[in-house]
Amino acid sequence: MPDVLLYEKEAWASGFLRLAGIDEAGRGPLAGPVVAAAVMFERSYIESELVPTFGKLTDSKAMPAARREEYFELLTQSKSTTIGIGIIEAEEIDEINILKATHKAMALAAAQINPAFALVDGLPVKGLPCASRSIVKGDALSISISAASIIAKVTRDRILIELDAQYPAYGFASHKGYGTKQHLAALQKYGATPAHRKTFRPVAELNQLDLLL
């Protein structure tokens with residue numbers, strides 16, 4: 001089993017004690033916002049309590065929803081944990097594109113907690129308010145990124161559940177905005193909502209069809 005503190009230890013050794021993990025949720029769906037989270041722990045807590053309790057943290061998408069909710073509550077209630085959240089809505093995603101929106105959400109999340117250094121899941125991110133290191137599949141390799149993955153995923157899922165109450169015909173609570181068969185059928189039948197990303201296929205194709213008609 002990999003050392004889930006390997007990258008944290010390297011950052012600490014370089015003098016970065018205010019260390020955050022950053023991850024996002026919702027790059028691929030057809031609807032809803034992209035959400036990023038930045039999570040920063042006190043070093044004593046991460047070594048003495050977090051690893052023994054959350055040592056098997058991994059990519060939030062690989063966890064059962066009930067386990068994510070359990071970890072979310074424990075993380076958000078910890079007095080040794082500082083959390084920032086960035087949310088970019090569908091309309092802005094359409095305006096600036098999903099990559100820029102994701103990076104902006106990450107920067108917003110980081111700015112809320114002011115880390116000196118960040119471990120970021122995936123490829124390099126432009127515009128962060130601190131130095132950073134990008135780690136491909138970091139949500140399975142760094143406990144700080146894993147925690148951020150959980151915060152981002154649960155936060156976004158709760159937003160989609162709220163959208164489901166507004167637009168019950170689309171099934172947002174079950175598919176969370178992804179392009180499932182149920183979701184595509186609802187799009188064909190009812191058209192797009194304000195929460196849909198108009199530049200994403202097949203939503204964009206629906207809009208083109210409306211123009212032709």
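At-a-glance table
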item	result
Matching residues in region 166-197 - criterion: being of a type in the set (G, A, S) and in contact (Cβ under 8 Å) with a residue 12 or more places away in the chain	A169, G171, A173, G177, G179, A186, G191, A192, A195
Number of positions in region 79-115 that are under 13 Å from the mean Cα position of the chain (by Cα), under 8 Å from A38 (Cβ atoms) and in a helix (DSSP H, G or I)	3
E8, sole failed condition from (1) acidic (D, E); (2) assigned to a helix (DSSP H, G or I); (3) out of contact with any helix residue (DSSP H, G or I) (no Cβ under 7 Å at 6 or more places or on another chain)	(3)
Any hit, region 133-140, residues being out of contact with any Asp or Glu (no Cβ under 9 Å at 6 or more places or on another chain), closer than 21 Å to F16 by Cβ and part of a loop (DSSP other than H, G, I, E, B)	no
Region 116-125: number of residues that are under 13 Å from A38 (Cα atoms) and not hydrophobic (A, V, I, L, M, F, W, C)	1
Residue in region 143-164 that is part of a loop (DSSP other than H, G, I, E, B) and crowded, with 17+ Cβ neighbours inside 10 Å present	no
Cβ-Cβ under 6 Å pairs, at least 6 apart or on other chains, region 62-73 side under 16 Å from D139 (Cα atoms), far side among the small types (G, A, S)	R68/S60
Condition check for L74: touching a Lys or Arg at 6+ places or on another chain (Cβ under 6 Å) and assigned to a helix (DSSP H, G or I)	no
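A quick yes/no check of all residues on (1) within 19 Å of T76 (Cβ to Cβ); (2) in contact with a strand residue (DSSP E or B) (Cβ under 6 Å, 6 or more places away or on another chain); (3) surrounded by 21 or more Cβ atoms within 10 Å (Cβ to Cβ):
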position: E92; (1), (2), (3): no, no, no
position: N97; (1), (2), (3): no, no, no
position: A101; (1), (2), (3): no, yes, yes
position: L108; (1), (2), (3): yes, yes, no
position: P115; (1), (2), (3): yes, yes, yes
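The numbers here are math on the coordinates, done by the rules we state, and not lab data. Owing to the predicted nature of the structure, the values given are computational and were not obtained by experimental measurement. Backbone-built Cβ (ideal geometry, glycine too); neighbour counts: all protein chains shown.
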